[in-house]
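One structure below.
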């Protein structure tokens, strides 16, 4: 096994921007809003971009390598995570995602809890995370009257901010940001309000799943200084754990036979060195660390998000 990269899957969105073109040369023409970089979902499945498995789909290599690839504690039937980069020139819809129970029953999909790391943000950029001063009835009336703003918790953001967005939390990415999104492997979204852009809304389902008690906050995490790098524990949930690595020189790591790891480079460039070779990591890359890779080193001056399924 070796560190695996996948081809970027690009998707046009009416709110898309050009943030990806600043560090990639393979972005297609059009209003690109999302790049799915590690994905194994019915609406988008990655194809291996490097090494001896190049050209194989994610599904194919899971079927062949199973535990060796994903780890002994990971369900092989449904890959649990999806890594995206989101570039927004305009506002996304005000939306919400269902939990696992509702999504499985109504949509035959996983629920969607996600996390946002702000890779870059223009001056004055913001995100909507949660509601304020309202309940279901007030919110419903505000949707009907088009007067939602007063009930939306809008937060100014900057590079390096992090938000944990639970299923049931009303949210929206606004214009002028580049986001790394780590999420459950789901593509179920209920739009509450879409700024009169003519797209389908899902108000009834949204009102079913919104939890007005949830709050969205900028998480600073817990910083641990190591020799050669800093590690910040950003979140621990039943769906995923996320840590930020600020590599100053080198970080020595070892894979876990119980689970895979995912690394997403959010600043700078570096190198992963392992027993049989090395793999370069560039800004914006996501890379899959197989459960049986063994010892490896992260070398350079760069920042990474490490995502994985915890053992709770």
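Here are the numbers:
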read-out	value
Relative contact order for segment 1-142, counting Cα pairs under 8 Å that sit 6 or more residues apart, in percent	22
Segment 73-125 and segment 223-246: distance between their alpha carbon centers, rounded to Å	20
Residue exposure sequence - 27, 165 - by fewest surrounding Cβ within 10 Å	27, 165
The chain, relative contact order in percent, only Cα pairs under 8 angstrom and at least six apart counted	20
Which of 134, 174 has the fewest Cβ neighbours within 10 Å, and the rest in rising order	134, 174
Projected label distance in nm at residue 257 and residue 149, using a 7 Å step from Cα toward the beta-carbon	5.9
Cα gyration tensor, segment 74-135 - rounded (a/c under 1.5), prolate or oblate	oblate
Angle in degrees between helix 136-145 and the longest Cα principal axis of the chain, rounded to the nearest 10	70
Anisotropy class of segment 250-308 from Cα gyration tensor, a/c 1.5 cut	oblate
Highest-MSF residue in the chain out of 193, 151, 229 [GNM, Cα springs under 10 Å]	151
Volume per residue of the C-alpha convex hull in the chain, rounded to whole Å³	130
Angle between the chain longest axis and helix 58-70 axis [Cα atoms, degrees, rounded to 10]	60
GNM flexibility winner over the chain from 266, 96, 192 (Cα, springs under 10 Å)	192
Protection proxy ranking of 86-95, 271-280, 28-37, 194-203 - average other beta-carbon atoms within 10 Å, highest first	86-95, 28-37, 271-280, 194-203
Inter-label distance for residue 12 and residue 208, nm, one decimal - labels placed 7 Å from Cα along Cα-to-Cβ	3.1
Estimated inter-spin distance, residue 21 and residue 57, nm [label 7 Å along Cα→Cβ]	3.1
Those residues of segment 226-270 whose amide nitrogen sits under 14 Å from the label point placed on residue 278, 7 Å along Cα→Cβ	249-251, 269-270
The chain - mean residue ellipticity at 222 nm from DSSP helices (-39,500 (n - 2.57) per run, n ≥ 4, rounded to 500)	-3500 deg cm²/dmol
Relative packing of peptides 258-264, 222-228 - highest average C-beta neighbours within 10 Å first	258-264, 222-228
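Any read-out appearing in this document is the output of simple, stated calculations on the displayed coordinates, not a laboratory observation. In this text the structure is predicted, and so the values were computed from the model without any measurement. All Cβ positions, glycine included, derive from the backbone under ideal geometry; neighbour counts span all protein chains shown.
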